[in-house]
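The values are calculated or read from the model by the stated rules, or taken from the named source; none is laboratory data. All of these numbers come straight from a predicted model, not from anything done at the bench. Counting neighbours? That spans all protein chains shown, and the Cβs are built from the backbone with ideal geometry, glycine included. Remember, those area values only see protein heavy atoms, side chains included, never the ligands or the DNA or RNA. Shrake-Rupley method; radii C 1.70, N 1.55, O 1.52, S 1.80 Å.
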Amino acid sequence: MSELTFEQMLEESLKTIHAGEVVEGTVIDVKPEEVILNIGYKSDGVLTRNEYTNDSSVDMTQVVKPGDKMEVKVLKVNDGDGQVILSYKRLAADRGNKRIEEAYNNHEVLKAKVTQVLEGGLSVIVDEVRVFIPASLVSDTYEKDLGKYAGQEIEFVISEYNPKRRRYIGDRKQLILARKAEMQKELLERIHVGDMVEGVVKNVTDFGAFIDLGGADGLLHISEMSWGRIEHPKKVFKVGDKVKVQIKDINGTKIALTMKFDETNPWRNAAEKYAVGKIVTGKVARMTDFGAFVELEPGVDALLHVSQIAKEHVDKPSDVLKTGQEITAKVVDFNETDKKISLSIKALLNEPKEEPAEKKSDADVVPVDIDAVIADQEN
């Protein structure tokens, strides 16, 4: 029986490997762009940076070191130069596919960092598998600039899994909607009509402002922003403002808000301030053909009828008055129930003028005999 040569014994002691096989190796040398591994084969294996990760900026000397053990996938047993070409990235991708499949079937929430911001959405990597999140599924509202998500870690679910086409679609929107629904439910169970709450202005429109109450939005209508007149909501609020509001009404998921608080209601002491006979001053706020409405204070308007503007006949209030003009008038009627006050300038004009206190009437003058006074002084 012939004896085996050393080379034959060495070759028989080495394992046989095939392309596609997963093997374990030990790192024996590391360079910035490649790693050499002993895989128990007659040739060492080469793992390039491109086959380690999709990140072209990685320095291999910073992520692995001699002596590390790694599982890799064999791509080529002989690349023509006798080297075995390995891949860590593709093995991770194979396992990542399985991971994505499990997450898809179990509706699992995944978390990953945004690696790319594309024109139509975001790209994230899960175990070396690229998942695309379309712009329409990034948020529950339109996102004009997706750049703010660059490098940010986000949560999502897999809404489409198609390994044959390598199509993996993520959905962040449904998570946001689900969380908002839960927060809305909690908020509606907690708040009641009349409660004072704090919120943040989310949007301002021509008719009011939407306030984020932390789970649901409430509408603060322009008519509920102040006891006085508001020209436009944007002149009072801007997005991001913190406000204190009161729950006026709750109808299903619709919440109506108000800032017309009882303690600031100008009609609370109006009966005393604007009693019939009082002389008041105010500014002409608006005019109609039948009269002018005068603002006595924010939230309290009074009507100056056209017939009460002057002694002489006035066709239209605008013939003698201007918006913003300050006028003085007498309160001639006060209706607290209907919150109506009537004024009259004519009533002031008809009142008799009082003479100054220091001016005495003829009846108060005592006649004096000057000659008699002089005679008394001479004696």
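Miscellaneous remarks
- Selection of the range 53-67 for residues being in a loop (DSSP other than H, G, I, E, B) and open to solvent by less than 40 Å² (accessible area, probe 1.4 Å) yields T53, V58, V64.
- Taken over the range 266-294, the criterion of being under 41 Å from the mean Cα position of the chain (by Cα) and under 16 Å from F334 (Cβ atoms) is satisfied by P266, W267, R268, N269, A270, G282, F293, V294.
- One residue stands out in the range 114-150 among those that are more than 20 Å from the chain's Cα centre (by Cα), among the small types (G, A, S) and within 22 Å of A103 (Cβ to Cβ): the one that is surrounded by the most Cβ atoms within 10 Å (Cβ to Cβ), namely G121.
- Residue-level analysis places V77 outside the set of residues that are at pLDDT 90 or above and either over 21 Å from R165 (Cα atoms) or open to solvent by less than 70 Å² (accessible area, probe 1.4 Å) (or both).
- Listing of strands (runs of 3 or more DSSP E) fully contained in the range 178-247 that carry 1 or more residues being more than 24 Å from D262 (Cα to Cα) and in contact with a strand residue (DSSP E or B) (Cβ under 9 Å, 6 or more places away or on another chain): 196-204
- Yes/no for D206 being of a type in the set (D, E), free of Cβ contacts under 8 Å to residues at least 24 places away in the same chain and either farther than 30 Å from N105 by Cβ or in contact with a Lys or Arg (Cβ under 9 Å, 6 or more places away or on another chain) (or both): no
- The set of residues from the range 151-170 being of a type in the set (F, W, Y) and either open to solvent by 50 Å² or more (accessible area, probe 1.4 Å) or farther than 22 Å from A181 by Cβ (or both) comprises Y161, Y168.
- If you go through the range 298-343 and keep only what is free of Cβ contacts under 8 Å to residues at least 40 places away in the same chain and open to solvent by less than 40 Å² (accessible area, probe 1.4 Å), you end up with V306, I309, A310, V314, P317, L321.
- Filter pass, R95 being surrounded by fewer than 19 Cβ atoms within 10 Å (Cβ to Cβ) and among the charged types (D, E, K, R): yes
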